[in-house]
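K.L.:
Structure provided below as structure tokens; questions to follow.
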Amino acid sequence: NAGLLAAWALALAGFYVLMRGGVPGLSGVETDRWGGLPLTLMLSAVSLAIAFPLAVLVALGRQSKLPAIRTLCVLYVELIRGVPLISVLFMASFVLPLFMPGGRMDVLVRVLIGMTLFSAAYLAEVVRGGLQAIPKGQVEAAQALGLSYWQMQRKIVLPQALRMVVPAIVN
């Protein structure tokens, strides 16, 4: 629903403006001093919005016939899912800046990257379950119609798979 999406975008923008400050009547606040429910809602919503497309790509990669892509996707999912979120956040906070040019990155961006990678790994497994639940006849029918791989995924497979996993995603 477009109205709900607009309400979420407006609420997140409002949280950001109020927490960042710098507008008349509010003093500026650095992001490393942010906290509370608005920050939690912002980080959760933004990381899930970024993680969902990544999760779909990783789930498709896990079912790829190309061994290199499949292996990379399996390694990513198994490594991230085998580690607690606090460890991923710790690595994002202290190790990630070492790989960045200049070594400086905002703490909020580092946390967002860690949460996004963690959420994408878990969502990828949920989406993969939906992809495996699609009957083989659906794929064969799409191939018989002459659809390319990406057309088949976009028009036939993913809509059915994502519809099946909505309860698991919102859980």
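K.L.:
Do we have VAL88 as over 12 Å from the mean Cα position of the chain (by Cα), surrounded by fewer than 19 Cβ atoms within 10 Å (Cβ to Cβ) and either among the aromatic types (Phe, Trp, Tyr) or assigned to a helix (DSSP H, G or I) (or both) here?
P.N.:
Values: over 12 Å from the mean Cα position of the chain (by Cα): yes; surrounded by fewer than 19 Cβ atoms within 10 Å (Cβ to Cβ): no; either among the aromatic types (Phe, Trp, Tyr) or assigned to a helix (DSSP H, G or I) (or both): yes.
Here the answer is no, as VAL88 does not meet what is asked.
K.L.:
Give the residues of segment 3-23 that are open to solvent by less than 80 Å² (accessible area, probe 1.4 Å), more than 16 Å from VAL107 (Cα to Cα) and part of a helix (DSSP H, G or I), sorted by residue number.
P.N.:
Within segment 3-23, GLY3, ALA6, ALA7, ALA9, ALA11, LEU12, ALA13, GLY14, PHE15, VAL17 meet the criteria.
K.L.:
Within the bounds of segment 95-103, is there any residue that is open to solvent by less than 30 Å² (accessible area, probe 1.4 Å), out of contact with any Lys or Arg (no Cβ under 6 Å at 6 or more places or on another chain) and within 29 Å of PRO167 (Cβ to Cβ)?
P.N.:
Scanning segment 95-103 turns up no residue that is open to solvent by less than 30 Å² (accessible area, probe 1.4 Å), out of contact with any Lys or Arg (no Cβ under 6 Å at 6 or more places or on another chain) and within 29 Å of PRO167 (Cβ to Cβ).
K.L.:
Another question, if that's okay. Applying the selection to segment 120-158, what residues are more than 22 Å from the chain's Cα centre (by Cα), closer than 22 Å to LEU54 by Cβ and either touching a residue at least 40 places away in the same chain (Cβ under 8 Å) or open to solvent by 70 Å² or more (accessible area, probe 1.4 Å) (or both)?
P.N.:
Across segment 120-158, the qualifying residue is only TYR149.
K.L.:
Oh, and also: Counting just the residues of segment 24-75 that are among the hydroxyl-bearing types (Ser, Thr, Tyr) and open to solvent by less than 50 Å² (accessible area, probe 1.4 Å), which one comes out farthest from GLY129 (Cα to Cα)?
P.N.:
THR31
The values are calculated or read from the model by the stated rules, or taken from the named source; none is laboratory data. Keep in mind it's a predicted model, so treat the numbers as computed, not measured. Note that each Cβ is placed from the backbone with ideal geometry, even for glycine, and that neighbours are counted across all protein chains shown. These area figures cover heavy atoms from the full protein model, side chains too; ligands, DNA and RNA do not enter into them. Shrake-Rupley method; radii C 1.70, N 1.55, O 1.52, S 1.80 Å.
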